[in-house]
């Protein structure tokens, strides 16, 4: 399985090389059924980064049920970080989605949490 080579930077951290998946979450669920960041809380003031090191297709298939249940955290090929800022630059355009909605192929992603930017009653 070919994985894209990327440069990721996040709150003093860095990852350079291929990855299978990178996900930024404000809450524990994505796309309605994936418990991708079970540790994420919408009111804790940070985002949660979950990324997977390069894995084979058979490993992706093995991880999928764990990803749905939220039991993938702690697996050797899964990394997590609490972050406030994130940037990813890919060598080639990569597929992406926003909460399960497919977006155009992209090479650059920048995400930042803006505390107290929205007031709700």
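Throughout, read-outs are computed from the coordinates displayed, never taken from laboratory work. As the structure is a computational prediction, the values presented were derived from the model and not from experiment. Counting neighbours? That spans all protein chains shown, and the Cβs are built from the backbone with ideal geometry, glycine included.
Structural remarks
- Listed from fewest to most Cβ neighbours within 10 Å, the set 25, 16 follows the order 16, 25.
- As a rough footprinting exposure proxy, the listed residues 33, 114 were ranked by other beta carbons within 10 Å of their own, and the order from fewest upward is 114, 33.
- Rg ratio (alpha-carbon, reference 2.2 N^0.38 Å) - the chain: 1.05
- Estimated inter-spin distance, residue 114 and residue 42, nm [label 7 Å along Cα→Cβ]: 1.9 nm
- The chain: relative contact order as a whole-number percent, Cα under 8 Å and 6+ apart: 26 percent
- Among 94, 50, the ranking by other beta carbons within 10 Å of each residue's beta carbon, starting with the fewest, stands as 94, 50.
- Note on residue 97/residue 121: beta-carbon distance plugged into 1/(1 + (r/R0)^6) with R0 of 35 Å gives a FRET efficiency of 0.70.
- Additional length obtainable on full extension of the chain from residue 75 to residue 16, 0.36 nm per residue less Cα span: 19.3 nm
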